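Colleague: Okay, handing you the structure first.
Values quoted throughout were computed directly from the atomic coordinates according to the rules given, and no laboratory measurement underlies them. This one's a predicted model, so the numbers in the text were calculated from it and none came from an experiment. Neighbour counts are summed over all protein chains in view; Cβ atoms, including those assigned to glycine, are modelled from backbone coordinates with ideal geometry.
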Amino acid sequence: IEGFKSSAIFDEIQTSVSNEKTKEDAIKKVKAIFELKIKNPEGKEQIWTLDLKKEGTIQTGKCSTKPDIIMEMDDDTFVQLASGKLNGQKAFMSGKLKIKGNMMLATKLDGVLKSLTGPKAKL
């Protein structure tokens, strides 16, 4: 999606979950639906839904079922989280990341991003 650096990361996650083994592993570890609301520098908001509960899919827009956790952040914060330059706890404590829903799932996001984007994240 134009204007969002996060888009490339979500494309990479999509590629990862298209592999059956990777998808099954992620679903076993996470068992949750993440709704990620990301705001770019121009103030536009985009929602991505990462279903690691049953489907193992990623889509733009809201999920048809209720997400287990909703996370709001800006584009740069998500890029830093995905690249490992910022951890979720620090982002939350500094106010860069807002969370609604099951807080414990937020701790799994770092692991999910690392396993699905790998060390080759194109940032």
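Colleague: Would you confirm, using the coordinates I've provided, whether Thr117 is closer than 18 Å to Ser6 by Cα, crowded, with 18+ Cβ neighbours inside 10 Å and in contact with a helix residue (DSSP H, G or I) (Cβ under 6 Å, 6 or more places away or on another chain)?
Modeller: Yes.
Colleague: Give segment 28-58 a look and list any residue that's free of Cβ contacts under 8 Å to residues at least 60 places away in the same chain and in a helix (DSSP H, G or I), or say none.
Modeller: The answer is Lys28, and nothing else.
Colleague: Can you pull out every residue in segment 59-76 that is of a type outside the set (D, E, K, R), free of Cβ contacts under 8 Å to residues at least 40 places away in the same chain and at negative phi?
Modeller: From segment 59-76, those of a type outside the set (D, E, K, R) are 59-61, 63-65, 67, 69-71, 73; that's our starting set.
Applying the additional criterion that residues be free of Cβ contacts under 8 Å to residues at least 40 places away in the same chain yields 59, 61, 63-65, 67, 69-71, 73.
Gln59, Cys63, Ser64, Thr65, Pro67, Ile69, Ile70, Met71, Met73, listed by residue number.
Colleague: Check whether at least one residue in segment 92-103 is on the phi < 0 side of the Ramachandran plot, crowded, with 18+ Cβ neighbours inside 10 Å and in a helix (DSSP H, G or I), and report yes or no.
Modeller: No: zero hits.
Colleague: Which condition from (1) surrounded by fewer than 17 Cβ atoms within 10 Å (Cβ to Cβ); (2) within 13 Å of the chain's Cα centre (by Cα); (3) part of a strand (DSSP E or B) is the one that Gly111 breaks?
Modeller: In the conditions (1) surrounded by fewer than 17 Cβ atoms within 10 Å (Cβ to Cβ); (2) within 13 Å of the chain's Cα centre (by Cα); (3) part of a strand (DSSP E or B), Gly111 misses (3) alone.
Colleague: Looking at Ala8, Ala82, which is the one that is in contact with a helix residue (DSSP H, G or I) (Cβ under 6 Å, 6 or more places away or on another chain) and part of a helix (DSSP H, G or I)?
Modeller: On the way: Ala8 fails: in contact with a helix residue (DSSP H, G or I) (Cβ under 6 Å, 6 or more places away or on another chain).
Among Ala8, Ala82, only Ala82 is in contact with a helix residue (DSSP H, G or I) (Cβ under 6 Å, 6 or more places away or on another chain) and part of a helix (DSSP H, G or I).
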